[in-house]
Amino acid sequence: MQPVVTVFNMQNEIVHPDGHIGARGNAALVRDRGVLRNTAAVLAQARKSGAAIFYVGSGYNDRYDGLNRSVPLFADSEPGRRLQVGSWGARFHAEVAPHEGDVVLYRPGIGSFSSTPIGELLRGPDEAHIYIAGVSTRLVVEAAVFEFTDRGYAVSVLEDCCAAASPQAHADAIAALKLFAQIQSSAEVIDRISG
């Protein structure tokens, strides 16, 4: 089975201390958990092993097409001109930045399959195992796991490559995700995809 490493929402706006969401505490939680460092190590091994790498982020064009303005979580994106594709805030953090050949997709909400071509770009569920790293565990990672497993994919969540708004929110999400996916450490996944 082909390993497919996916990185969700590790964007400057969300995980960098100068980002709007990062400054609200996300950046500190990501730092304290070593999320960027652990994810970078997984990505390095994935590239060495020839694994497929997908980045999925939140992003909008200059008209904010697709933005659901009735959702409080997204409502301030447009007035703040946040997460415009191509902007500093929408770019993935330098420590885990995409390389040439990686697939980079943006979507206006939480789900990926309905608003990106990810389903067309991936191998089928019998041919790929999906590894998920991302922020926030509580929303984004949960949604990704549900979307992939609903389509028949085997999924592993890289526990130390994820963070949520609080340690408790992360722990609660991981407890729920154990019912749908394997929960693995970055070291376990590095070992698995290297051999």
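The values are calculated or read from the model by the stated rules, or taken from the named source; none is laboratory data. Bear in mind that the values here come from a model prediction, so they are computed numbers and not experimental data. Neighbour counts run over all protein chains shown; Cβ positions are idealised from the backbone, glycine included. Just the protein is used for accessible areas: all its heavy atoms, side chains included, with ligands, DNA and RNA removed. Shrake-Rupley method; radii C 1.70, N 1.55, O 1.52, S 1.80 Å.
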Next item on the list: Please name all residue pairs, on different chains or six or more residues apart, with Cβ atoms under 9 Å, provided the first residue is in region 49-74 and is closer than 24 Å to Gly124 by Cβ and the second residue is in a helix (DSSP H, G or I) and open to solvent by 60 Å² or more (accessible area, probe 1.4 Å).
Entry: Ser49/Ser194; Ala52/Leu121; Ile53/Arg47; Phe54/Leu121
Next item on the list: Would you point out which residue out of Arg123, Arg107, Arg151, Arg82 is of a type in the set (Lys, Arg) and open to solvent by less than 10 Å² (accessible area, probe 1.4 Å)?
Entry: Arg107
Notebook entry, point to check: Out of region 76-86, which residues are more than 12 Å from Asn9 (Cβ to Cβ), assigned to a loop (DSSP other than H, G, I, E, B) and either modelled with pLDDT of 95 or more or of a type in the set (D, E, K, R) (or both)?
Noted result: Asp76, Glu78, Arg81, Arg82, Val85, Gly86
Check: Does region 36-47 include one or more residues that are on the phi > 0 side of the Ramachandran plot, open to solvent by less than 20 Å² (accessible area, probe 1.4 Å) and under 15 Å from the mean Cα position of the chain (by Cα)?
Finding: no
Note to self: Kindly evaluate Phe92 against the criterion of being more than 26 Å from Arg31 (Cα to Cα) and hydrophobic (A, V, I, L, M, F, W, C).
What the structure shows: no
Margin query: Would you confirm, using the coordinates I've provided, whether Leu73 is part of a helix (DSSP H, G or I), open to solvent by 70 Å² or more (accessible area, probe 1.4 Å) and either within 19 Å of Thr137 (Cα to Cα) or of a type in the set (Val, Ile, Thr) (or both)?
Written below: yes
Notebook entry, point to check: When only residues in region 3-26 that are at pLDDT below 95 and not charged (D, E, K, R) count, which is least open to solvent (accessible area, probe 1.4 Å)?
Noted result: Gly22
